[in-house]
1. Select from the stretch 304-332 the residues that are part of a helix (DSSP H, G or I) and more than 19 Å from ASN540 (Cβ to Cβ) and write down the one among them that is modelled with the lowest pLDDT.
2. Go through the residues of the stretch 609-625 one by one and say whether even a single one is under 13 Å from PRO685 (Cα atoms), free of Cβ contacts under 8 Å to residues at least 40 places away in the same chain and open to solvent by 60 Å² or more (accessible area, probe 1.4 Å).
3. Here are LEU590, LEU582: which of them is under 30 Å from LEU692 (Cβ atoms), modelled with pLDDT under 85 and open to solvent by 60 Å² or more (accessible area, probe 1.4 Å)?
4. Inspect all residues belonging to the stretch 21-28 and state whether any of them is more than 16 Å from ligand 2 (Cβ to nearest atom), modelled with pLDDT of 95 or more and on the phi > 0 side of the Ramachandran plot.
5. Yes or no: LYS201 closer than 24 Å to LEU117 by Cα and open to solvent by 10 Å² or more (accessible area, probe 1.4 Å)?
6. With (1) open to solvent by 30 Å² or more (accessible area, probe 1.4 Å); (2) part of a strand (DSSP E or B) as the list, and PHE37 as the residue in question, which single condition is left unmet?
7. Which pairs have Cβ atoms under 7 Å, sit 6 or more apart or on different chains, and link a residue in the stretch 50-66 that is within 11 Å of SER609 (Cα to Cα) to one that is near ligand 1 (Cβ under 8 Å from one of its atoms)?
Amino acid sequence: MEENKDNIILSIQKVNKKYKLDKTQSFQALFDVSLDFKMGELVSIVGESGSGKSTLMNLIGGLDSLFDGKIIVDNKNLRELSPKELDRYRKDKVGFVFQSFNLIPYLSILENVTMALTLSNVSEKEKEERATKILKSVGLQYHMKKKPSQLSGGQKQRVAIARALINDPDIIIADEPTGALDSATSMQILKILKKIADSGKLVIMVTHSEKVAKVSSRVIEISDGRIVSDKINPSYKAHKEKISQTKKNPTKQYLSVYSALHLSFLNMWANKTKNFFMSFGVAIGIGSLILMLCFSFGISNYINDTRASFSDPTIVTISKKSTTSDMKSYEQFTDEEITNIIDDLNKFLEKNNYNFVIDTGSEEKNVTYGFEAFATDVLGGGLSASISCDFNLDGEYTEDETMKIYYLYSTPPYYGDKNLIKGEMSSSEGGIMVNSSILQIFDDLDSALGKKVKITINYDSGVNSSDTLLENEVSSMAQETFFFENITAIVDTSFLSNYPIMYIDYDLLEYHFERLLGEKLSPNSIYIKTPNEKITNAINSYLQENYSNELTGAIENSLASILGEMGNIIGTSLIVISLVALLVSAIMILVVMHMSVTERTKEIGVLKSIGARKSDIGRLFSCESLLIGFFSGLMGLVVSGVLILVAYLCLIHLVGLAPITFKWYFVAIALGVSIVISTLSGIYPAQRAANLDPVEALRRE
Ligand code: ADP
Ligand code: MG
């Protein structure tokens, strides 16, 4: 730019502007517009509505760079600036003043005025200093903390002017700044604009008012997109009193995350009701996720506890498969069979380097035995047993005093206090345990505890093997005998059977057998205590592969695996249900954020007009969804607390048991999931906001 051209700061050369209407049609709004502007000018642009004034303002303001021709500022054509340069141009070089003020309603006057500085990450202190100075020069220094809605129209426009001035731009563009004001107020605004021009800036305003036009230094008339007159006002006198100048250009250029969070928070607060309900919706999703997690953990804990009560992961149970279909008799192992199986297993363990030896003999033996009999009668070889207590002490055990035992079990090695309803474990030293069927002869469980009872056993050793006997014929080898023991405990057998069950230590039973019947007891089960679950599983699968025809695990094992399966299925379905709840929450956030972008289109336009970059706008909206996620997560925790409490009370009341397990890391899950889903669902609306065309956005009512 040549200096002798009287310090021209803005030069418009042969500008043509066409609006694209659709693929083929367009509308030309400006025709060959050429104008030069100097510092200190107060220019009025007049013309009928629709003549192209706003179009020209938007071009000068850098809001629209789709035109033909040149608009030269600082030796550069605005058309050729990169988006970044254009953002900087709007932030530092021009200031916008709109007819409808376009203040951001949820921000204070101070925050509105300093918005451009916030977008440049200027310190709070400096922001306040600069804003105070400028607000003072427009006479609003005592209104800094107010909200726009608390000001009159003239005051609002003065705030808008202060906002336009905050970055000390060279050019002020005002599109009908007095259009919404009465004439007295209009003159006040005009006076301020004149002061700005007189301080050496270029002020271009669009006006319909003759009065306003008269006091400007130059009046340009535009009609149907063409300049029809351009007159200098010879009587114009520069004002003596100058508007105060502020410091130039901030160093840092971007909206900080902190400011973005702060602004988002202010906006959310301004729309608290809407945001509360949305967050509440999300919170229900989060709350049900947590509740489902609690159930999922609770049920699996409950199942594991139940499993542990009748099985132990470090014990291998080996039983013979029943050869008869009626399950009446449990097959017994001979010594030779036991030796063979153990030897085979040991070979397998050694070959696969499990570093574990099954030991039946030494001090550190890890094999024990079990005896199980379905003890109803003695048909075809077997055992029946009964328990009786001589209540009237007449030496007779009447039928009233006697209970038939259905199952006679040796106490499994994995049974312990957890299996007991009352009392203490019996041992090889003495004692038997029964289940609550004992109420058949006792009035209550407590009176059974510690009682000495007579245990009668009818045993058919089957020496005259069953093939020599006719069916329904009692074996001639059947013997009846009995012994006395104390009842030490009541066992909870609700997972097995409610028929009368008696438990006795294997060694004790073996002792009684040998003593009374002169016969060595042969076990039905072999228990191997392993060092860990891995070895248990290895042995079990080896047995499954090689002995599946002859051997089987304990009935409890299959029960346990069924329960485990059930737990997995329940857990998975609960998680799926809550994922659906989360999906619904995510869609809700998406919809609400989308609506919010639509509602705030004008605000986005204003932010862009004062130099907000695409990424600043995107960041603002992303921060908002992040905050929503955070608050929804917090609310979700409260909701889950309530849900858990209600579920707990209902279940305890209805079924007497509430499989709910809460872990503290669920709190982190709630917050994390909530923030992640809201941030993800906020991406699209934020992108949409960032990509809004500022001119379009500003036209929106
Ligand atoms: P005004 O002088 O009233 O400010 P404008 O600059 O807003 O006029 O509009 C000039 C002409 O351009 C009008 O005829 C208007 O309809 C048209 N126009 C403005 N913006 C667009 C647009 N985005 N798409 C199509 N036509 C437009
Ligand atoms: Mg207009």
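1. SER309
2. So far as the stretch 609-625 goes, no, none of its residues is under 13 Å from PRO685 (Cα atoms), free of Cβ contacts under 8 Å to residues at least 40 places away in the same chain and open to solvent by 60 Å² or more (accessible area, probe 1.4 Å).
3. LEU590
4. no
5. yes
6. Among (1) open to solvent by 30 Å² or more (accessible area, probe 1.4 Å); (2) part of a strand (DSSP E or B), the lone unmet condition for PHE37 is (1).
7. So the pair list comes out as ASN58/VAL695; LEU63/VAL695; ASP64/ASN58; ASP64/VAL695.
Yes/no matrix, rows are residues, columns are (1) touching a Gly at 6+ places or on another chain (Cβ under 6 Å); (2) buried (at least 21 other Cβ atoms within 10 Å of the Cβ):
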residue	(1), (2)
GLY52	yes, yes
LEU56	no, yes
GLY61	no, yes
ASN77	no, no
GLU80	no, no
ASP87	yes, yes
LYS91	yes, yes
LEU135	no, yes
TYR142	no, no
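The values are calculated or read from the model by the stated rules, or taken from the named source; none is laboratory data. Remember, predicted model here, so these are calculated numbers, not experimental data. Here Cβ is always computed from backbone atoms with ideal geometry, including for glycine, and neighbour counts include all displayed protein chains. Remember, those area values only see protein heavy atoms, side chains included, never the ligands or the DNA or RNA. Shrake-Rupley method; radii C 1.70, N 1.55, O 1.52, S 1.80 Å.
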